[in-house]
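The values are calculated or read from the model by the stated rules, or taken from the named source; none is laboratory data. Fair warning: this is a prediction, and the values are worked out from it, not measured in the lab. All Cβ positions, glycine included, derive from the backbone under ideal geometry; neighbour counts span all protein chains shown. For the accessible areas, the whole protein counts, side chains as well, though only heavy atoms, and no ligand, DNA or RNA atoms are used. Shrake-Rupley method; radii C 1.70, N 1.55, O 1.52, S 1.80 Å.
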Amino acid sequence: NILENTSYLFFGWGTLAQRSFYGWGSHLDNDHMFQVGGNFVRGFPAAFQKGNRAALLSWEYRSPHLTFFYTAMAGVLFTDWGVAFDKAIQNKKTAVSAGFGIRLSFIEFDNNIFRIDVGFPLNEDEFNAGTSINLGLHHIF
């Protein structure tokens, strides 16, 4: 079961985007458990946490795009908060990250958005550049 909400506030100086997510199940096998990390809390490794339940909150500031020839480019600042757990959330550490990203859109590719994000864990002692870079097509939400 999943409850998910996204909302957007559009301004002349950019867009504020918000995503909240809560998922729950019971007796999920390892392949179907909810996962925190990767696209769910950028800056943490994929499947940093797993569980039968998960909660996520993301905020993004998306700048207006600049156009160069056939390419549109924009910047993003974000923060992600997430936790995966089984029955009780009390003993689980919430994964918190912040970071920045670049969005590129090429007219030749039907205006698909190419995404590069760099996330920094805010409540972990070690920074791992390999898990901090997140690539993808389209906005995460």
Result of the Cβ filter at 6 Å on segment 12-33, keeping first residues that are more than 10 Å from Lys50 (Cα to Cα) and partners that are polar (S, T, N, Q) and assigned to a strand (DSSP E or B), at least 6 apart or interchain, is Gln18/Ser7; Arg19/Thr6; Arg19/Ser58; Ser20/Asn5
Looking only at segment 36-52, count how many residues are under 21 Å from Phe127 (Cα atoms) and surrounded by 19 or more Cβ atoms within 10 Å (Cβ to Cβ). 9
Residues satisfying the stated conditions in segment 105-140, i.e. under 17 Å from the mean Cα position of the chain (by Cα), closer than 26 Å to Phe68 by Cα and at pLDDT 85 or above: Ile113, Phe114, Arg115, Ile116, Asp117, Val118, Ile133, Asn134, Leu135, Gly136, Leu137
Would you check if there is a residue in segment 57-68 being without any contact (Cβ under 8 Å) to a residue 12 or more places away in the chain and of a type in the set (A, V, I, L, M, F, W, C)? yes
Need pairs with beta-carbon distance below 6 Å; first residue without any contact (Cβ under 8 Å) to a residue 60 or more places away in the chain and within segment 34-46, second in a loop (DSSP other than H, G, I, E, B) and open to solvent by 30 Å² or more (accessible area, probe 1.4 Å); sequence gap 6+ or separate chains. Gln35/Ala47; Val36/Phe48
Would you be able to say whether some residue in segment 89-97 is among the hydrophobic types (A, V, I, L, M, F, W, C), assigned to a strand (DSSP E or B) and open to solvent by 20 Å² or more (accessible area, probe 1.4 Å)? no
Trp24 open to solvent by 80 Å² or more (accessible area, probe 1.4 Å) and over 23 Å from Leu135 (Cβ atoms): yes
The residue that is least open to solvent (accessible area, probe 1.4 Å), considering only those in segment 53-71 that are in a loop (DSSP other than H, G, I, E, B) and either under 12 Å from Gly82 (Cβ atoms) or of a type in the set (Phe, Trp, Tyr) (or both), is Tyr70
Any idea how many residues of segment 9-52 are modelled with pLDDT of 95 or more, under 18 Å from Asp86 (Cα atoms) and hydroxyl-bearing (Ser, Thr, Tyr)? 1
